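The values are calculated or read from the model by the stated rules, or taken from the named source; none is laboratory data. The shown structure was predicted, so the numbers you read here are calculated from the model rather than taken from an experiment. When we count neighbours, we look across all protein chains shown, and the Cβ atoms used for this are built from the backbone with ideal geometry, even at glycine. All accessible areas refer to the heavy atoms of the entire protein, side chains included, with ligands and DNA or RNA removed. Shrake-Rupley method; radii C 1.70, N 1.55, O 1.52, S 1.80 Å.
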Amino acid sequence: MMIFLSCLEAAIGLALLVLMYGVMFRRPWIRLVAEPVATSIGARAGIAVALGLAAFFALAAIFVPFLAFFAATLMVAVTATLGLTVRLAKGRLSLLLVISTLGAALGMAALQPLGLKVLLLPKADELPYKPVPSTVIKTYGPGVWFEGVSAGPQGTLYLAANRDLDFTVAKYYRRAQGQVVAREPDGAEHILLTTPRGSTAGVIAIAPDGTLYMTSNGGQPGLWRLTPGGTAAKFARLPRGAWPNGLDFGPDGMLYAADSALGQVWRIDPHTGRSEIALRDRKLAARRLIALAPGANGLHFVGRDMTVTVSDSTEVLRYRLKDDRQFSQPVLIARGVPGDDFAVGPDGSLFITTHPYDTIVRVAPDGHRTTIADHRQQIVGATDATFGRSAHDRSTLYVVTDGGAFTGGPHTRGALVALKPYGTN
């Protein structure tokens with residue numbers, strides 16, 4: 001599909017350049033397309049510039065898919081403008097040109113709608129900016145994007161990294177390959193797990209015995225389990241169409257995973273892998289067809305209270321797990337924060353990553369919201385956050401990013417950033 005799209009965009013871009021040349025210099029063959037062509041040099045130059053911009057966006061979309069929708073929009077606008085000028089001159093415009101241009105534009109926009117979906121992303125509230133001390137621990141190589149981070153009690157950080165994600169298509173995981181990377185306190189790193197091609201590394205939860213559990217999307221979504229002895233296996237499988245994302249242990253010892261596609265929460269037995277629907281709520285679902293942002297995304301328990309971020313609705317909801325294993329009706333904690341995953345601070349504050357919005361938002365226990373970090377602190381494409389668990393880093397908030405992969409393309413570089421939301425002491 002990607003090769004076909006690249007060839008289509010290249011063909012469209014070259015065709016628009018040829019058309020630009022013909023309009024600007026009034027080549028004889030241009031009469032096959034439009035007759036008459038504007039005689040004013042200014043009018044021809046204006047049309048030629050618009051054609052050139054459309055050509056530029058079409059060719060650039062080969063490398064930056066985000067631009068494809070804007071190239072298609074420009075093509076429609078230029079065709080309409082050319083048609084209007086010809087109409088005012090009581091001339092004719094080639095029906096073949098109109099049909100082929102509109103068809104190519106619609107095809108490109110439909111096959112690569114990322115730009116449109118970005119435009120339709122939910123709006124984040126403007127919040128006070130109160131930056132906290134920050135340090136970029138490491139910026140990784142091109143194409144290394146992070147989805148999750150979790151901290152072990154001895155100071156080890158576990159990073160869920162991915163390569164070859166393609167956010168321009170619905171099955172963004174088709175060529176992806178995930179890894180779990182252990183980063184020791186001294187900075188040494190080693191790979192604990194590499195997923196098969198077409199299976200992503202998601203969000204990590206750590207059991208009391210040190211076993212790692214990780215959500216994974218792909219052709220067969222589910223959960224991976226990695227024991228302290230190094231044995232790794234996909235132990236829980238969810239139905240096709242599911243999108244397991246945020247993950248945490250509940251007070252009953254079960255794993256709970258937010259499903260970003262189906263608008264629900266899964267309950268998974270960490271020993272057997274048996275899964276069931278623990279909660280289904282329309283408030284956890286994203287808008288149909290037009291949503292780029294997920295529905296239910298991050299998920300964490302504090303006692304019996306389960307907090308869930310819903311990216312597409314910009315809401316943060318809290319449910320209480322009752323004794324009968326059912327959940328209460330949700331309580332709205334915050335709105336206007338298109339959250340990805342988050343960490344819970346020692347005072348109960350939520351520290352929410354906002355992924356394409358490039359911010360970390362703190363929601364205090366009283367509901368007060370502030371932005372504590374943004375692109376000025378290298379928070380670009382922040383996906384997850386966690387507090388350290390060892391004696392020396394319990395007040396450090398570790399944040400992982402994808403480097404801005406939605407608009408930056410396949411060569412953006414993820415980073416690990418440390419923030420001090422409670423001061424440097």
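Once the convex hull of all Cα atoms in segment 31-155 is built, its volume per residue stands at 213 Å³. For residue 341, nonlocal amide neighbours, meaning residues 5 or more places apart or on other chains whose placed amide H falls under 5 Å from its own, are 353.
Here the spin labels are modelled as points 7 Å beyond Cα on the Cα-Cβ line, and at residue 29 and residue 106 they lie 2.8 nm apart. First compute the accessible area of the chain with a 1.4 Å probe, then give the percent of it belonging to carbon and sulfur atoms. For the chain, the apolar C and S fraction of the accessible surface comes to 59 percent. Length gained on full extension, residue 96 to residue 6: 30.1 nm, using 0.36 nm per residue less the C-alpha separation.
When the alpha carbon gyration tensor of the chain is reduced to an equivalent ellipsoid, its three semi-axes come out at 47, 21, 21 angstrom, largest first.
Between 161, 80, 382, the residue with the greatest mean-square fluctuation in the GNM of the chain (Cα pairs under 10 Å linked by springs) is 80. Cβ-Cβ distance of residue 209 and residue 335, R₀ of 56 Å, FRET efficiency by 1/(1 + (r/R0)^6): the value works out to about 0.90. A straight Cα-to-Cα reach below 25 Å connects residue 130 with the lysines 138, 420, residues fewer than 8 places away in its own chain not being considered.
For segment 172-186 and segment 14-45, write down the distance between their C-alpha centroids in whole Å. Here the answer is 52 Å between Cα centres. What number comes out for the charge environment of residue 128, summing +1 per Lys or Arg and -1 per Asp or Glu over other residues with Cβ under 13 Å away? Cβ neighbours under 13 Å give a net charge of 0. Rounded to the nearest 10 degrees, the angle from helix 41-60 to the longest Cα principal axis of the chain is 30 degrees.
Rounded to the nearest Hz, the phi-derived 3J(HN,Hα) couplings of segment 320-326 under the Karplus curve 6.51 cos²θ - 1.76 cosθ + 1.60 (θ = phi - 60°) are 10, 7, 8, 4, 8, 6, 9, where x marks glycine and proline. Accessible area per residue for segment 186-225 is 36 Å², calculated with a 1.4 Å probe on protein heavy atoms, without ligands, DNA or RNA.
Between residue 394 and residue 231, the simple spin-label model (points 7 angstrom out along Cα→Cβ) gives 3.4 nm. Would you check the accessible area of residue 164, probe 1.4 Å, heavy atoms only, in square angstrom rounded to 10? Result for residue 164: roughly 70 Å² accessible. Only lysines eight or more places from residue 123 in sequence, or on another chain, were considered; those with a Cα closer than 26 Å are 171, 283.
Placing a label point 7 Å from the Cα of residue 252 along the Cα-to-Cβ line, the residues of segment 321-335 whose backbone N sits under 16 Å from it are 321-329. Once the C-beta distance of residue 420 and residue 197 is scaled by a Förster radius of 35 Å, the resulting FRET efficiency is 0.35 to the nearest 0.05. Note on segment 352-425 and segment 297-339: Cα centroid distance 20 Å, given to the nearest whole angstrom. Extents of segment 169-228, largest first, come to 38, 24, 15 Å (Cα atoms, principal axes, whole angstrom). Rolling a 1.4 Å probe over the protein heavy atoms gives segment 314-372 an accessible area of 41 Å² per residue. Under a model in which nothing but the beta-carbon of Lys, Arg (+1) and Asp, Glu (-1) is charged, the chain shows a dipole of about 1460 debye around its Cα centre.
Where in segment 231-248 is the amide nitrogen less than 20 Å from a point lying 7 Å along the Cα-to-Cβ axis of residue 171? Backbone N within reach: 237-245. Taking the Cβ-Cβ separation of residue 323 and residue 282 as r and a Förster radius of 25 Å, what is the calculated FRET efficiency to the nearest 0.05? Computed FRET efficiency for residue 323 and residue 282 comes out at 0.50.
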